[in-house]
Structure formats: structure tokens, C-alpha cells
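Data first, discussion second: the structure below is written as C-alpha cells.
The values are calculated or read from the model by the stated rules, or taken from the named source; none is laboratory data. Quick caveat: nothing in here was measured; it's all calculated off a predicted structure. Cβ atoms come from the backbone with ideal geometry, glycine included; neighbour counts cover every protein chain shown.
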Amino acid sequence: MPVGPRVQRLHPVLEPARLRLASHLRRRPRPRNPSNSPRRPSSFSIKFTPPPNLESPSRCFSTDPDADADATAAPSPVPTPLPGPRSRDPGRRAMANIDMAKILADLDRGASGGDARVPKTKLVCTLGPASRTVPMLEKLLRAGMNVARFNFSHGTHEYHQETLDNLRQAMHNTGILCAVMLDTKGPEIRTGFLKDGKPIKLTKGQEITVTTDYDIKGDENTIAMSYKKLPVDVKPGNVILCADGTISLAVLSCDPDAGTVRCRCENTAMLGERKNCNLPGIVVDLPTLTEKDKEDILGWGVPNDIDMIALSFVRKGSDLVTVRQVLGQHAKRIKLMSKVENQEGVVNFDEILRETDAFMVARGDLGMEIPVEKIFLAQKMMIYKCNIAGKPVVTATQMLESMIKSPRPTRAEATDVANAVLDGTDCVMLSGESAAGAYPEVAVKIMARICIEAESSLDHEAVFKAMIRSAPLPMSPLESLASSAVRTANKAKAALIVVLTRGGTTAKLVAKYRPRVPILSVVVPVLTTDSFDWTISSEGPARHSLIYRGLIPLLAEGSAKATDSESTEVILEAALKSAVQKQLCKPGDAIVALHRIGVASVIKICIVK
């Protein structure tokens, strides 16, 4: 074997330096090579050789540095058997050692209600008609809901206020903390109203006129759309998608003076009133934050002390700067979560990631803006880059869609949730399943169980090593401390990591390195005073941590001890008692504690009494 420097081999799909998703979106497949000349690799052929720096591949595939050389050889007609327990390959060794009898025993334990495990991956639930009463909200909180999403594409301020009041009552009744997310409507394009309010039938091959005069009521010959610049922005050959992509209109001609676009229907379908529209590949001249969004944020979100805003259709980093200017002094306590839902946002992803606090992979509208076969690529790229940046990421849209009507998800949906966890997502989200479905509580419980099983299959040590290799050097002192705490927990086989924090930054950095064990983030209150008044810090940092994988927030009580050292010991002792009650650890377990004493930071190993 040749001797030389070891080169880090990264996934050809996911390596940021080589990933060019934007160019993939513009390419088209080439015709087959009819001759016997050497075949050039197609622009769509992506060789999947996962590296050790991603969670899912590290558990299932080779991490040997020589694997790339072997992968280029001709495939063997005989499948290579999995190596035995003594193999150098940790991923395959782990797969070879799977005990099916243990899996079946775990199934029996779960069916009998004896499984007390809690997923590290956080669950975001959209609240709606099926989930806005106090009893149902209590069930969702006990089932594992961490974040409540309020979708302002629907409903009035009064409607959402009643739901929020019920949520806070449910939190008070159960003692379970839940973050509040406001999801903006964003710059939507919709079809207009129809004559007599009845749906119309569009037939394949039929020509139809699209007008920007929204006062016109549509019929089989003419329909209205709300985007005034439609005849200017689209060109013959472009496609307009309506009603979640179920109707495709090919643009034939444009008349900017008349404000009309002539189109041909590409399929037969029924079109109702005010259906959403997408313009794939078109840079739409609409503001990210509409007047309605500003009213929702400033008129409802800020007065109700919400925790985060999910911004729809973010296209560039400056969009987030604008939103923070609108928030003013409230920008410090309200986190911004960016939703990239078009090609422009994908191209500007790195710029958006630098400005945002969190990220959502919103696969619904994105799936109509880019080819459906490339959605997996966009999802993996976004999650990977968020993991490296240490910013939480939510995977959303149609995760358990069939559970709107069915008490069980499809096998494909269950696999989709598990693969998102293996990709490295911090949160998974339910939309219609919890908002308007027949089984909201069951959907949350099933999603939690899928996350638990996916997390148990990860090789956390390999993930940690990969994150260390990917971390920029030199590390900040705080990040170096956080990574050292995770390394100590791995080496000591600790049952828990306890982080005493004020603003939550240290605990979030610990979560970035994906420890095998839960992280108890103990938020210590900060008392500030002046000559006239005194204030104590809010529970905001605790709620913000509810979108970070593995973080479990705990609000500490203030201590009257004279010194920092005495106060820290009192809070740490109370935190360990709470951890035992929550079944995060038991007497005799080793735990790793990370905290500050004065200006010094301390990592220590404690034994639970």
C-alpha cells in the first residue's frame, strides 16, 4: 500500500466544495451514446460513496480511506458479503452485528407501553381544527410535540389567538415546555375567482388565456392570476404550475400591454378558485415580506412573545436583514427560520445560511420549482451544510401525509422520516397530519418512534470525528470546550451531558457535535437591576433550544448562595435530581457537566447519587 498523506475523501454529492446544485438544475440528460466509443459520465449519474462525515452513511457504508480506489473498479457479479465482527469497517461491522431477536424484543416492549425512550430529534406540529383544543394539545405535548407551528396562510388573528391561549393552558396543565413558531404566508401567486364559484374543467391540449386583471371571474376560456408582472417575466416555453402542481400550463405567447398570457393545458384536471401557482425557473419580482406578513408579525407575533418566525420564499441573505429591521428591538429574542422554496433560494443558499438562525427544508413548493428527482439532492445538501454551520434544520412537507386519513403511515413515509434523521435533521414536521388529520396524536407518537429507531442506528463516534474534521480552524474557545465535553462523554461512556448556561450558546454548540447521550441544557436565570427596578431573564433561551437535536431544556431556580462556586453546585445538584426523575440517568451513572465559575470554564465528570 503506498505511503503518503491521508486525504479526506468526502461524498461526491454532498461535499460543499464540489457540489454545484444550481448547475444540476440547468442540465438536461444527454441522449444515449449509439457508438462503441468511450462513454462519458452523464451529468445525472451521481456515484453514491458515502463518507464518514455524514450520519447515515457512516452507519451503513465503508469508511475505509481506500474505498474510493476500490469503488472505481468493475463491479463484481457476486455480491460481497458483510464482514464479520472483527472487520476494520465500523459501519458494516455494526450492520453485521444487528440482533434481530433484540429488535423483536424491543417491538414487544414498545407494544406493551414499556418503552420510555425519548427521541433526540424534535417534533414540530402544525396546529389547526383537529388540534387546537386544550385536551388534544395536552395529548400532543405528552406524545412529544416540541414546537407548535401557526400557519398564517390560513385563519385570522382571533382564530390563532384562541389556539395560542389553549396551547399555553395545556403547557401549564402538563408542565411541558413548547416553542411557538409563526409561519408567514409569503409572496404567493394565486388564481382568481370563477363564475358561479364552481370549478372548471381544463382539457389536455386546450388553449386558455391567463389575465392579470384579478377582477375578472374565470371560466374555461380565461382565468385570472394575482401576479401583475406575469406577461413580462414569463416567456414562450415556460411552464406555469397550478393547484400544487396538478395542472401544468405551457406558455405560448405573452402580451404585456394587454396583461395576458396565452397557454396550452398539458393535462386534464379540475381547477377551483384561488389555487396556488408556481413559476419554475422564473425570478419573481415580489417582496419576501408582504404587508400581510408585517401585520401578522407586528400585530400578533410580537405582542404574544413568539419564539421564532418561519419566513416563506426566502431568496437571498438580504431578505433576512430586512426582516430584522422590521422587528427592530425584538429581533434579539425572535429567531428567524428561512424556508427556501425556489431555484433562486437554492442558488443563494450559502448566503442565506450565513444570515439565518435556523433553516427549514420546505419540500412542497421546492418540489414544484426544481425537478422532483433532484429533491433528495437539495435536501441532503441543505441538511449537511446546516450541520456543519451548527444551525438547526427542519425537514418538512408530506412526511406522514397518508395519516391525514389513515391510522398508519405508508412504508415509504416511515422510511422518509428515518432517512431525514439519518441525514442529520434536527426536527421533523407534521403539517396536515396534525392540523386537520383524523389521527393527530397517533401521528406524533409514530413519528417519535421512527426517530428513536433511526437515532439508535447511528454510529455517533464516527459522526463526532467527522464533525471535528469539518470544523474550521482555529476553533473558538467556546466551541473547543463544547467539542471536548462531547469527546469526554464518549470516552467515559457517560449517560448524560449537563450544561449550565444563561443564553444557551454553549449548549447549542454541544448539540452541534451530536453526542450519543442527551444534553440537559440548564438555563440559569440572570438578575439585572438598577436604581429603580429589577428584572429577571425570560425562558426564551430554553424555548429556543427546542429546535436543536438532543437538547432538553430545564429552567433552573435562582440560588442565594454567596459565591459562584456554591451557587453552581446547588443548581447542578438540582439538575441531576430532575434528570433522574425524567429517567435521563440513574444513580451510579457517570455524567459530564459543563459550566462556568467566574471567568473559568469547567468540564467535570460526576457520579449520580
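Some points to look at:
- Among the residues of the range 350-370, none qualifies, meaning not one is hydroxyl-bearing (Ser, Thr, Tyr) and either outside the structural domain of Asp416 (by TED's automatic domain parsing) or closer than 24 Å to Asp233 by Cβ (or both).
- The range 490-508: number of residues that are part of a helix (DSSP H, G or I) and either in contact (Cβ under 8 Å) with a residue 60 or more places away in the chain or buried (at least 19 other Cβ atoms within 10 Å of the Cβ) (or both): 4
- Checked against (1) hydroxyl-bearing (Ser, Thr, Tyr); (2) more than 30 Å from Ile200 (Cα to Cα); (3) in contact with a strand residue (DSSP E or B) (Cβ under 6 Å, 6 or more places away or on another chain), Ser318 passes all but a single condition, namely (3).
- On inspection, Asp426 qualifies as surrounded by 24 or more Cβ atoms within 10 Å (Cβ to Cβ) and either among the charged types (D, E, K, R) or over 17 Å from Asn146 (Cβ atoms) (or both).
- Which numbered condition Ala130 fails, given (1) modelled with pLDDT under 55; (2) assigned to a loop (DSSP other than H, G, I, E, B): (1)
- Among the conditions (1) at pLDDT 95 or above; (2) crowded, with 20+ Cβ neighbours inside 10 Å, Pro236 misses just one, which is (2).
- Within the range 392-415, the set of residues being surrounded by fewer than 22 Cβ atoms within 10 Å (Cβ to Cβ) and within 14 Å of the chain's Cα centre (by Cα) comprises Thr397, Gln398.
- Restricting the range 316-355 to residues that are of a type outside the set (Lys, Arg), more than 17 Å from the chain's Cα centre (by Cα) and in a loop (DSSP other than H, G, I, E, B), the residue that is farthest from Phe152 (Cα to Cα) is Asn348.
- Among the strands (runs of 3 or more DSSP E) confined to the range 242-315, the ones with at least 2 residues that are surrounded by 20 or more Cβ atoms within 10 Å (Cβ to Cβ), at pLDDT below 95 and not aliphatic (A, V, I, L, M) are located at 276-278.
- Residue match in the range 109-118 (condition: at pLDDT below 95, under 25 Å from the mean Cα position of the chain (by Cα) and surrounded by 17 or more Cβ atoms within 10 Å (Cβ to Cβ)): no
- Lys139 satisfies every condition listed in (1) part of a helix (DSSP H, G or I); (2) farther than 27 Å from Leu551 by Cβ except (2).
- Selection count, the range 196-216, where residues are touching a residue at least 24 places away in the same chain (Cβ under 8 Å), in a loop (DSSP other than H, G, I, E, B) and closer than 17 Å to Arg262 by Cα: 7
- Among the residues of the range 378-418, those identified as free of Cβ contacts under 8 Å to residues at least 12 places away in the same chain, hydroxyl-bearing (Ser, Thr, Tyr) and part of a helix (DSSP H, G or I) are Ser402, Thr415.
- Segments classed as helices (runs of 4 or more DSSP H), wholly inside the range 432-484, with at least 1 members that are closer than 20 Å to Arg142 by Cα: 432-435, 440-456
- Qualifying residue in the range 163-179 (condition: among the basic types (Lys, Arg) and assigned by TED's automatic domain parsing to the domain that holds Met270): no
- With respect to the conditions (1) of a type outside the set (A, V, I, L, M); (2) assigned to a helix (DSSP H, G or I); (3) within 21 Å of Ile388 (Cα to Cα); (4) under 20 Å from the mean Cα position of the chain (by Cα), Arg487 lacks only one, and its number is (4).
- Filter result for Ser578 (in contact with a Phe, Trp or Tyr (Cβ under 9 Å, 6 or more places away or on another chain), assigned by TED's automatic domain parsing to the domain that holds Val599, modelled with pLDDT of 90 or more and of a type outside the set (Asp, Glu)): no
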